[in-house]
Amino acid sequence: MAPRHQAPRGTRDLLPNEIERWQWAEAQARAVLQCYCYREIRTPLFEDYELFARSSGESSDVVQKEMYRFKDQSDRDLALRPEGTAGACRAYLEHGLASQGRIHRLWYLGPMFRYGRPQKGRYRQFWQIGAEIIGTAAPGADVEMIALFVDIFEAWGFENLTVALNSVGTPESRRAYGDRLRQWLAPAAEHLTEDSRRRLEANPLRVLDSKAPIDQAILGGRQGGLDPATMPHMMDVLDDESREHFDAVRGGLDALGIVYEIDQGLVRGLDYYTRTAFEVHDKSLGAQSALGGGGRYDGLIEELGGPATPGVGFSIGLDRTLLVLEQRGDGVPEKPGTIYVACMEATRSATPAIVRALRMVYAVDWDLEAKSLNAQLRAASKSGARLAILLGEDEWKRGEVVLKDLRDGSQQTVDLETMVGAIDRILDSAQEAHSE
Ligand code: HAM
């Protein structure tokens with residue numbers, strides 16, 4: 001016998017029972033994005049490897065360790081997308097969107113791929129919903145982005161969210177900060193993990209982002225002899241313009257009543273960020289607690305060969321969000337009132353046409369296998385249908401059908417002309433009873 005296959009490590013099947021919650025979450029997010037006037041963009045699942053290497057940053061974990069890189073039959077150097085911002089910016093440039101208007105508000109939803117160690121909330125194929133504003137450096141764009149981010153979570157029923165906020169400055173101020181951080185960490189450098197020692201050279205800010213317990217203990221002063229009170233902060237070296245920008249963003253968030261906490265250790269895992277950086281976490285998820293994050297990337301489009309064009313955006317991890325919704329038992333949509341059409345031997349040949357006609361309006365199920373009427377009725381109640389339509393032999397001859405309300409078992413005989421009105425009355429009353 002051929003070996004049974006399993007989904008590749010780090011990937012999952014989303015089966016129909018789960019998908020309903022996903023569809024609900026996606027629909028909620030779409031509705032918010034539409035009200036904010038964002039327009040959807042769909043970019044390829046794979047791109048030139050170089051696009052991601054340039055945008056995420058050669059020293060980032062995403063590029064160093066997590067990229068699904070491959071050669072195609074023509075020896076092209078490609079990679080599965082680890083995130084959506086690079087593709088959106090590439091498309092913006094490739095199609096000259098700048099000539100169609102200065103500011104573009106875009107959103108996307110789809111799978112992303114990162115070769116990490118799989119664990120709860122971390123997968124090798126995961127889903128993101130993201131939004132970007134390309135074309136303005138105004139702090140109001142950052143505020144709008146964070147408001148949109150929070151409003152999507154609110155539409156999913158999250159309450160009392162606190163956004164972690166920081167400024168990572170300009171590349172120059174970040175370099176200056178990196179130097180200070182390197183100096184501060186130097187006495188404890190030998191105790192850091194190998195990864196962090198490498199980061200210390202290439203990009204010292206990344207050490208702050210390390211999840212390794214040893215690195216965390218050193219940063220927290222519990223090991224290695226460093227005093228966390230003397231740790232340098234980005235704010236100390238922030239250039240004046242970035243500081244003004246940060247203050248304006250904070251003012252805008254305050255005016256909207258959006259709750260945030262300044263987190264000076266927030267550096268984000270991708271290299272393209274400038275100035276504003278933000279995230280939200282949900283502690284119930286354990287180690288992989290970031291539900292979403294984003295920030296400003298004023299140098300990215302230029303880095304990709306375009307004219308200097310600022311941008312700001314975020315992505316939300318749907319797998320993690322759905323884990324939280326599931327833990328809470330939230331987000332199971334009310335099933336549309338389904339109908340089960342049951343027939344007898346004598347009416348079986350007429351049934352497919354009735355079912356097909358009803359399916360133009362309603363969700364309709366029926367028995368494909370010529371089972372007995374009793375078996376069909378059992379299947380109807382098991383399916384959760386609201387209503388059964390019985391095509392009895394005598395009724396059918398008179399041009400009538402029997403409607404059976406499956407909640408209380410009551411029945412009525414109606415002719416085909418008045419059937420639709422009667423179906424709607426039963427489904428509507430079921431709907432009302434549910435919403436009371
Ligand atoms: P990111 O922080 O790398 O940002 O990812 C955003 C979210 O995707 C994370 O907060 C997390 O919820 C989810 N995520 C990331 N990796 C995994 C994984 N392996 N398994 C499950 N979920 C995961 C970005 O991707 C940026 N493109 C955000 C952005 C848009 N910045 C500006 N514009």
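The values are calculated or read from the model by the stated rules, or taken from the named source; none is laboratory data. The model shown is predicted, which means the values in this text are computed figures rather than measured ones. Every residue, glycine as well, gets a Cβ built from its backbone with ideal geometry; the counts of neighbours run over all protein chains shown.
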Could we say that ALA137 is on the phi < 0 side of the Ramachandran plot, modelled with pLDDT of 90 or more and part of a helix (DSSP H, G or I) here?
no
For region 341-377, how many residues are exposed (fewer than 13 other Cβ atoms within 10 Å of the Cβ) and within 16 Å of GLY409 (Cα to Cα)?
1
Out of (1) in a helix (DSSP H, G or I); (2) within 16 Å of the ligand (Cβ to nearest atom); (3) free of Cβ contacts under 8 Å to residues at least 40 places away in the same chain, what's the single condition that is false for SER284?
(3)
Does ALA98 count as away from the ligand (no atom under 12 Å from the Cβ), without any contact (Cβ under 8 Å) to a residue 60 or more places away in the chain, among the small types (Gly, Ala, Ser) and farther than 26 Å from ALA25 by Cα?
no
Do we have ALA79 as part of a strand (DSSP E or B), touching a strand residue (DSSP E or B) at 6+ places or on another chain (Cβ under 7 Å), within 16 Å of the ligand (Cβ to nearest atom) and modelled with pLDDT of 95 or more here?
yes
Step by step: first the residues of region 109-152, then only those that are away from the ligand (no atom under 12 Å from the Cβ) and closer than 17 Å to LEU325 by Cα, then the one that is surrounded by the fewest Cβ atoms within 10 Å (Cβ to Cβ). Which residue is that?
ASP151
Residue satisfying all of: in region 1-20; part of a loop (DSSP other than H, G, I, E, B) and among the charged types (D, E, K, R); farthest from the chain's Cα centre (by Cα) among these:
ARG4
Considering only helices (runs of 4 or more DSSP H) fully contained in region 298-370, which possess at least 1 residues that are within 16 Å of the ligand (Cβ to nearest atom), in contact with a strand residue (DSSP E or B) (Cβ under 9 Å, 6 or more places away or on another chain) and β-branched (Val, Ile, Thr)?
300-303, 318-328
Condition (residue is under 19 Å from ARG425 (Cβ atoms) and acidic (Asp, Glu)) applied to region 330-351: is it met by at least one residue?
yes
